[in-house]
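Structure, as structure tokens:
Values quoted throughout were computed directly from the atomic coordinates according to the rules given, and no laboratory measurement underlies them. Note that the coordinates shown come from a computational prediction; the quantities given were computed from them, not determined experimentally. Using ideal geometry, Cβ is built from the backbone for each residue, glycine included, and neighbour counts are taken over all protein chains shown.
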Number of protein chains: 2
Amino acid sequence: MIDVPHNLMAFRGEENHLPRPTIHDVARTARVSLATVDRVLNKRGGVAEKSVRKVERAVVETGYIRDVSAANLSRGREYRFTFILPDSATGFVALLRDALTQEQARFKADKVQLDIVTTSAFEITAQVEALRRRNIRNSDGIALIASEAPEVQAEIARLTTEGVPVLTLVSDLPRSSRHAYVGPDNVVAGRTAATFMGRFVGTSEGAILMIAGSLAARDHMERVMGFRMVMTEQFPRLALLPAVQGFDTADTVKDLTRQALGAHSLAGIYAVGAGTRGLLAALKGHPHRPIIIAHELTDTNRGALLTGEIDLVIDQNPAAEVQAAITLMRDLSDQRPITTNGGAIPLSIFVRENI
Amino acid sequence: MIDVPHNLMAFRGEENHLPRPTIHDVARTARVSLATVDRVLNKRGGVAEKSVRKVERAVVETGYIRDVSAANLSRGREYRFTFILPDSATGFVALLRDALTQEQARFKADKVQLDIVTTSAFEITAQVEALRRRNIRNSDGIALIASEAPEVQAEIARLTTEGVPVLTLVSDLPRSSRHAYVGPDNVVAGRTAATFMGRFVGTSEGAILMIAGSLAARDHMERVMGFRMVMTEQFPRLALLPAVQGFDTADTVKDLTRQALGAHSLAGIYAVGAGTRGLLAALKGHPHRPIIIAHELTDTNRGALLTGEIDLVIDQNPAAEVQAAITLMRDLSDQRPITTNGGAIPLSIFVRENI
DNA sequence: CATAAAATGATTGACGTACCTCATAATTTG
DNA sequence: CAAATTATGAGGTACGTCAATCATTTTATG
């Protein structure tokens, strides 16, 4: 076995580990001055096409790669990103907030400052007001869990025309002018939930109940859509009840579940939104437990998975989401071509055995 | 638009967000010299306990955080990490290799150089020989998919006593002196596979077949263990055939599958290792398709998921694995307390709908 | 060919930390 | 109390890039 270095990594290893090329080397091989190299590399303009090509060729030839440490140091750039989250202390938002505070510490060393702003959940005016604040508008980037409202869209439009990168988080606002969406594909989430629902239910008889938070929330709507599509396509045998709205509240979810249990024989319940606690309470003592699939690996859901009260959880990794958002905002505010695949977050699927 | 000079862009945000503290600020608040601060921060020793405490207090008080860009620049440290992989061009290793070449480019800017060394698969001597090479021993870190052999363990022991960080990848060698294992928990993987197998099979009748690559490979062994545990605990109704060895080869797997199909009525097949192609070939034309759960999202498996030939894939994210390995090796060679949770890679679960 | 405009060169000073040397101060030791 | 030891201070250089200025050369324009 000869260990041919993978791609042309010439004489590494043995002894002569030559120092990595710098802009000086590039300038020398291109036979231009340092200033010109700098102008080309940082796209400052005012350079003849001929020289641009000379520099570009020299970059390839020398194998020059910008030393990001030195660049960052020299620039002295600092980033201030603002996350706008609903104030609900409930499961998922809490997880997101935790992930955020985690990264807060980690990113300080990279000169990235993360501000968290809390607005009253479900209140459009609060969100709009937050987006209008001076100190938020001065951020280098804004990520928010946006409400589906024209006022919010208008505010986002204003920000983006001002040049502030805006990301939607968790739930998209595709008709707005946000630069990108960071979160899972919720249609896929719904479809995946349906696959497992159908297979877990197996040959059992009964209807399937979907409990969303709000059908006005795009993420929930999309999950319901995806779920319904696959259920009707692949498991037409199972009756799909109309989706109900639990408003992410345990009490409401409890009532809805009770009601459905009374009216139908349930083979499965898809908990599209929050409020699993209410769901579990309603099922307590019920003779036959339907298959239950829920979203987000909150403490409640984790516990319920372990005790076997629910069967499967589809999670959008909050930590990954935060990281993707930060990377994206940084790229955007540096006007770099975005590197990640748009901020799509793969789904994580949990059962009792792999928590 | 006022063109404020670039550095000195003081008045960010609301109030003018004072510049981040430097070692100078720490020195001033601690009432010691820069040199002393430096000695404390970089643990050079020779500082009175009293001064150490003064500096530490000043760090907290000022909120000083080391500017990693400046530190890296000043240090001029470069890392050279070596990955030792088997030469099998087959599915998973190829994916790992791809992920690695991807990161190779990305990490060059961070002064991390990744070398890939290929050794003949399943040959102990080749692996040992690779670990003995001068240029590999000179690495700042080594990650390898290790064979379960005393010679390899001995070689790892030698390296670690020399101070070279060594990681096991994909399959652990817990009795060796490797610094950490980067990969999934394969027992959990097996348990998870069993959960889905049991639930997907549902009320169908039939036996369950496990096809491992080699039962001498720890990762496969662990998966089989986990699978068996959950099957016997939770789905005792299903007969579990003794695990067979397909040596990750399509032809062997094909023969084994044919054989089993002839001898038993199969409700499910757990493809612990590679060679799914053979499995699919053997099943072609067979009247009843058993539930099939496989490992790693290779091209074959992805295609088979899409066509519905297999039901579920458990994947260990190769990209995440490579990143975790690099982070760990960097921390280790800087003698920092390791930040990640030891390099555990969460399982990714794929069905047709969420590829 | 003169002149304006564009392109390039030469040089310099940050940025914050690491690391080194040498001198001096403070403390311990005999 | 002197000598030896330990702690500290003062100062400088280097890392590679960015960003700016000003002088100079080359090219285009009428």
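Structural remarks
- Where Rh is the Kirkwood radius over Cα pairs, Rg/Rh for the range A:121-209: 1.20
- Among beta bridges that DSSP assigns inside chain A, antiparallel share in %, nearest 5: 10
- Each other residue within a Cβ distance under 14 Å of A:Ala282 adds +1 if Lys or Arg and -1 if Asp or Glu, for a net charge of +2.
- Considering only B:Ser177, A:His264, B:Val164, and ranking their Cα positions along the charge dipole of the protein assembly as shown that arises from unit charges at the beta-carbon of Lys, Arg, Asp and Glu, the one farthest toward the positive end is B:Val164.
- Put a plus charge on the Cβ of each Lys and Arg, a minus charge on the Cβ of each Asp and Glu, and nothing anywhere else: the dipole of the range B:121-194 about its Cα centre is then about 140 debye.
- Whole-angstrom Cα spans of the protein assembly as shown along principal axes, big to small: 76, 70, 62
- Count of lysine pairs in the protein assembly as shown with Cα separation under 28 Å (8 or more residues apart, or interchain): 18
- Scanning residues 5 or more positions from A:Ile142 or on other chains, those with amide H under 5 Å from its amide H are A:Thr82, A:Val166, A:Leu167, with H placed 1.01 Å from N in the peptide plane.
- Net charge of the neighbourhood of B:Ala217, taken over other residues with C-beta under 10 Å away and scored Lys/Arg +1, Asp/Glu -1, is -2.
- Karplus-derived HN-Hα couplings along the range A:109-114 (A = 6.51, B = -1.76, C = 1.60, θ = phi - 60°), whole Hz, x at Gly and Pro: 5, 9, 6, 10, 9, 10
- Average beta carbon contacts from partner chains per residue of B:213-219, 10 Å cutoff: 0
- A:Ala154 versus A:Val60: modelled label distance in nm, points set 7 Å from Cα along the beta carbon direction: 5.2
- Two-decimal ratio, the range A:130-174, of alpha-carbon radius of gyration to 2.2 N^0.38 Å: 1.04
- Rh (Kirkwood; distinct C-alpha pairs) - the range A:186-316, Å: 14.1
- Cα pair distances exceeding 27 angstrom across the range A:29-187, given as percent: 43
- The trypsin sites (Lys or Arg not before Pro) of the range B:267-355 that DSSP puts in a loop, and whose beta carbon has at most 13 other beta carbons within 10 Å, are B:Lys284.
- Computed from point charges on the beta carbon alone (+1 for Lys and Arg, -1 for Asp and Glu), the dipole magnitude for chain A about its Cα centre is near 1000 Debye.
- Once backbone amide H atoms are built at 1.01 Å from N, B:Leu312 has B:Ile292, B:Ala294 as its partners under 5 Å, excluding neighbours fewer than 5 places away on the same chain.
- Size of the range A:257-355 from its Cα atoms: along the principal axes, largest to smallest, the extents are 58, 28, 17 Å.
- Computed over the range B:270-320, the range of Cα coordinates on each principal axis works out to 39, 19, 15 Å, biggest value leading.
- In percent, rounded to a whole number, the relative contact order of chain B is 13, using alpha-carbon pairs under 8 Å and six or more apart.
- Summing +1 for each Lys or Arg and -1 for each Asp or Glu among the other residues whose beta-carbon sits under 14 angstrom from that of A:Gln234 gives +2.
- Computed over chain A, Kirkwood Rh from alpha-carbon pairs, angstrom: 23.4
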